[in-house]
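Only one structure is covered here, and it is reproduced in the block below.
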Amino acid sequence: MPVFALSDDFVFPPAHLATEQGLLAIGGDLRPERLLKAYQNGIFPWYSECDPILWWSPDPRMVLYPDQFIISRSLKRIIRQRKFSYSIDQKFVDVITQCAKTRISNGQGTWITGEMLEAYITLYKLGYGHSVEVFHDGRLAGGLYGVSLGGCFFGESMFSLVSNASKVALAHLCNFLLKHSFHMIDCQMHTTHLEKLGAFDISRNHFMKQLKQSMQKTTLVGNWSDIP
């Protein structure tokens, strides 16, 4: 399959034309209109600092249904003990910045470049980017961020500075999504960590069908801290 070069128009080729590795297109920019169009069509950007912008739609696709999130006994106990406090959409910039820093400090490298930081902070300001923050002894201990459209939350990254903090963040996110009738969390790429928490792979074709249904739901735009 060829890799498509994007023009200035906010148009993407169909996701099923991606290569075997999931790479679909190259180029373009990270303006909000293009990013939102990408997510609506099952596509997301993922690239390194020195690379051009690369757009992906992998097959299979890892998803997590909020009602199938696995809470272990130990995690239930931690939540019950109120070891952590949490909030939503209060520290988006701190969360996305820490996601990048944690990956770098762990020697993993990061796709959260300065350009990506700026783009997702813009989505947050527009009410499409969201974060969950977890605190321990008053300090940010973990969290996650992503993009919300329709009935789908597109997870981007998470971090923990204290053991189990990111799991608590994900549990809080799932509770919020269930309360507001979200259909699924797009986890994008397979990880064993998310698999242990209830996520699993589905075919791209199945994902696209579910995504189309999810896009029929009205998007919950705005700062989620203002939503009961």
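The values are calculated or read from the model by the stated rules, or taken from the named source; none is laboratory data. Everything quoted here is computed from the prediction, not taken from an experiment. Neighbour counts run over all protein chains shown; Cβ positions are idealised from the backbone, glycine included.
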Does Ala5 meet the test of being at pLDDT 95 or above, touching a strand residue (DSSP E or B) at 6+ places or on another chain (Cβ under 8 Å) and crowded, with 20+ Cβ neighbours inside 10 Å?
no
Residue among Lys101, Lys91 that alone is surrounded by 17 or more Cβ atoms within 10 Å (Cβ to Cβ), of a type in the set (Lys, Arg) and out of contact with any helix residue (DSSP H, G or I) (no Cβ under 6 Å at 6 or more places or on another chain)
Lys91
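Based on what the data block shows, is Val162 in contact with a helix residue (DSSP H, G or I) (Cβ under 6 Å, 6 or more places away or on another chain) and either modelled with pLDDT of 95 or more or of a type in the set (A, V, I, L, M) (or both)? Steps first, please.
Working: in contact with a helix residue (DSSP H, G or I) (Cβ under 6 Å, 6 or more places away or on another chain): no; either modelled with pLDDT of 95 or more or of a type in the set (A, V, I, L, M) (or both): yes.
So Val162 fails the test.
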Per the filter on the range 1-57, residues of a type in the set (Asp, Glu) and in contact (Cβ under 8 Å) with a residue 60 or more places away in the chain are Glu49
Need a quick list: strands (runs of 3 or more DSSP E) entirely within the range 47-108 having at least 1 residues that are touching a Lys or Arg at 6+ places or on another chain (Cβ under 7 Å) and among the charged types (D, E, K, R).
61-64
